[in-house]
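The values are calculated or read from the model by the stated rules, or taken from the named source; none is laboratory data. Keep in mind it's a predicted model, so treat the numbers as computed, not measured. Because the Cβ atoms are built from the backbone with ideal geometry, glycine has one as well, and the counts that use them run over all protein chains shown. Just so you know, the surface numbers come from the protein's heavy atoms only, side chains and all, with ligands and any DNA or RNA stripped out. Shrake-Rupley method; radii C 1.70, N 1.55, O 1.52, S 1.80 Å.
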Amino acid sequence: MSIYRFDAYVYGSCDSRYIQCFDLIFQNIAQRHFDVLIQGYQGENRFLLGLYHLDPAPLPGSIAHLPTVYNHNQPFTLYIHTNLTTPYPMTMTMYAKNEGALIATFTHNELTVIDPL
């Protein structure tokens with residue numbers, strides 16, 4: 001299993017004060033299918049939970065799209081779990097928005113791998 005973490009907090013590189021909501025897109029770039037479990041927390045409170053199956057690219061289902069996830073300008077942490085033993089066959093793009101306007105784009109490069117096994 002591979003576990004990734006993404007943090008948005010006040011004065012951080014991803015400053016939560018300016019993010020009202022975000023869209024998430026995950027893409028499978030591996031040659032096999034896998035599952036992605038996404039959990040979003042604001043402190044101890046979970047505000048996002050989803051399980052997605054991603055088929056190998058370029059088959060349909062190789063992309064999971066989570067539109068308009070609201071965090072209401074509050075700090076949050078995302079945990080992304082996969083059932084793969086290597087942490088690299090997935091890409092992520094986050095489109096951060098405020099009042100409907102795109103303010104930043106974050107990618108899998110901003111994810112921290114916290115458990116590569």
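One table, with the values for the structure above:
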{"item": "Pairs with Cβ under 8 Å, 6+ apart, first in region 1-15 and touching a residue at least 40 places away in the same chain (Cβ under 8 Å), second surrounded by fewer than 17 Cβ atoms within 10 Å (Cβ to Cβ) and assigned to a loop (DSSP other than H, G, I, E, B)", "result": "1/83; 1/85; 1/117; 2/85; 2/86; 2/116; 2/117"}
{"item": "Hits in region 54-81 (condition: in contact with an Asp or Glu (Cβ under 9 Å, 6 or more places away or on another chain), part of a strand (DSSP E or B) and surrounded by 13 or more Cβ atoms within 10 Å (Cβ to Cβ))", "result": "54, 66, 69, 76, 77, 78, 81"}
{"item": "Single residue of region 101-117 satisfying the filter (part of a loop (DSSP other than H, G, I, E, B) and open to solvent by less than 80 Å² (accessible area, probe 1.4 Å)) that is farthest from residue 26 (Cα to Cα)", "result": "116"}
{"item": "Out of 91, 85, sole residue that is at pLDDT below 95 and closer than 12 Å to residue 24 by Cβ", "result": "91"}
{"item": "Positions within region 21-53 being part of a loop (DSSP other than H, G, I, E, B) and open to solvent by less than 50 Å² (accessible area, probe 1.4 Å), in sequence order", "result": "30"}
{"item": "Enumeration of residues in region 5-20 that are open to solvent by less than 10 Å² (accessible area, probe 1.4 Å) and either among the hydrophobic types (A, V, I, L, M, F, W, C) or part of a strand (DSSP E or B) (or both)", "result": "6, 8, 14, 19"}
{"item": "Contacts under 9 angstrom Cβ, first residue in region 88-100 being assigned to a loop (DSSP other than H, G, I, E, B), partner of a type in the set (D, E, K, R) and open to solvent by 40 Å² or more (accessible area, probe 1.4 Å), 6 or more apart", "result": "89/32"}
